[in-house]
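Asks: Mind looking over this structure? Questions follow.
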Amino acid sequence: MDNNKAIEILSKIVRKEPINQEEHSFINEWQNENSINQQIYIFVTTKTSIDSLPDSRIDYQTIYNRIKESIDKNEQLSIEEPARSRRKTYSLSNLWKYAAVFFFGIISAATAIYLIPSGNSQAISEITVPKGSVSEIILPDSSIVTINSNSKLSYANDFLTGKRVVNLEGEAFFKVKKQLNGNEFTVCSKGTSIVVKGTEFNVQAYQDTPSIEATLVKGSIIFCADKKSIPLKPNQQLTYDTGNQKAVVRQVNVADTEWRNGKYTFREISLKEIVPIFNRIYNTNIVIDKATEDIVFSGYIDRKNPMTHSLDVISLTTGTHYQIINDTIYIKQ
């Protein structure tokens, strides 16, 4: 595809100028063409520092210079236009003064990061992590977020100047940096919010489950929903049912949040509950019969192990059997 056209569109995105549907389709196709284009897109649109990018084959500095030349050219044209027709332009150096995104291992071409312009020219950064992957990002305020598989995180690009608000679908672990000005950090999900100032906590809020879980590791958070505000202390987990709007708080082992390191600990959980978790971990499809749904499993799974190893652990522990046919795993007694 035409790399020069891609550079022109990317320079528009950096300047926060709206792009039309044709340009939007082109840049999506271009970035999905190969992993190198994807990394260039991430570098340009998400304020990523050069040192954090994994592929040394890419001359990021040259790309930076080409886009800056395109922006400078447009800025010069803007100066020559009548004042009423001038576009607002932004310095590239200002847009890239924050570290932003890096991933465990090689960036997957399936992981999508977009800037989405809205009607008021306010852009949104959105990170989507597919099944079978885990990604870590650094937000503009230096807070670190580890995003689990099949999850999506988004935030407005005025994150530092406005309120520090992120929207989550799925699961993520947050290490929030405390701000000297006391600016609070808020996680919004499924009609609820979690307010913090500086802490470490986990939030699980997948769209295919009726509940939200917030687990506090360090510091303090306040869970807000249905006009209720519930404070949590370290080693406490809140489970909120979005259906009946009831919340339950209990003491937990914070090792349960070690999924970000590939480690999953299950304590007396039914196979029916394990299936969606397993599907997210290994990007697979499991089918279980009614007779096995309520069988309880307690044990440990490491995402770094092959899928069949984890299936063997579940099978040996629960007395069930599994069979892999094409891309589907069938579990039965």
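The values are calculated or read from the model by the stated rules, or taken from the named source; none is laboratory data. Quick caveat: nothing in here was measured; it's all calculated off a predicted structure. FYI the Cβ positions are ideal-geometry reconstructions off the backbone, even for glycines, and counts take in every protein chain you see. For accessibility, only protein heavy atoms count, side chains too; no ligands or nucleic acids. Shrake-Rupley method; radii C 1.70, N 1.55, O 1.52, S 1.80 Å.
Asks: Highest first, please rank the peptides 296-307, 210-221 by the mean number of other Cβ atoms sitting within 10 Å of their residues. Provide the component values of the computation, followed by the final result.
Replies: Values: 296-307: 14.5, 210-221: 19.5.
Those peptides, ordered most packed to least, come out 210-221, 296-307.
Asks: By average Cβ neighbour count within 10 Å, what is the ranking of 225-231, 7-13 from highest down? Could the numbers behind the result be given before it?
Replies: Values: 225-231: 12.4, 7-13: 20.3.
The most tightly packed comes first, giving 7-13, 225-231.
Asks: About the Cα centre of the range 168-266, what is the dipole size in debye to 20, counting +1 per Lys and Arg Cβ and -1 per Asp and Glu Cβ, all else neutral?
Replies: Working: 13 positive and 10 negative charges, 86 e Å.
In debye, rounded to 20, the range 168-266 gives about 420.
Asks: Suppose R0 equals 25 Å; then what is the FRET efficiency for ILE324 and SER270 from their Cβ-Cβ distance, rounded to the nearest 0.05? All intermediate terms of the calculation are to be shown ahead of the outcome.
Replies: Values: r = 22 Å, r/R0 = 0.87.
Approximately 0.70, to the nearest 0.05.
Asks: Suppose R0 equals 35 Å. What FRET efficiency, 1/(1 + (r/R0)^6) with r the Cβ-Cβ distance, do ASP302 and LYS152 give to the nearest 0.05? All intermediate terms of the calculation are to be shown ahead of the outcome.
Replies: Values: r = 25 Å, r/R0 = 0.71.
Using R0 = 35 Å, I get an efficiency of 0.90.
Asks: Length gain on complete extension for the stretch ASP226 to ASP312, per 0.36 nm per residue less the alpha carbon to alpha carbon distance? Numbers along the way, then the final one.
Replies: Details: separation 86, 0.36 × 86 = 30.96 nm, distance 4.28 nm.
Extending this stretch completely gives an extra 26.7 nm.
Asks: Listed highest first by mean packing, meaning other Cβ atoms within 10 Å per residue, what order do 164-170, 320-326 come in?
Replies: On the way: 164-170: 20.1, 320-326: 11.9.
In descending order of packing, they fall as 164-170, 320-326.
Asks: Can you pull the one-decimal nm distance between simple spin-label points at GLN179 and ASP241, each 7 Å off the Cα toward Cβ?
Replies: 3.6
Asks: If you roll a 1.4 Å probe over the range 153-282 with all protein chains in place, what percent of the accessible area is carbon or sulfur? Intermediate results must be reported in sequence, preceding the final value.
Replies: Numbers: 2940 of 6150 Å².
That share works out to 48 percent.
Asks: Whole number in Å², please: accessible area per residue of the range 187-290, 1.4 Å probe, ligands, DNA and RNA not counted. It would help to have the intermediate numbers written out before the result.
Replies: Values: 5020 Å² over 104 residues.
So the range 187-290 comes to 48 Å² accessible per residue, rounded to a whole number.
Asks: Just how many % of Cα pairs in the range 129-288 lie over 24 Å apart, if you round to the nearest whole percent? Intermediate values should be presented prior to the final figure.
Replies: Working: 3976 of 12720 pairs.
Value for the range 129-288: 31 percent of Cα pairs lie more than 24 Å apart.
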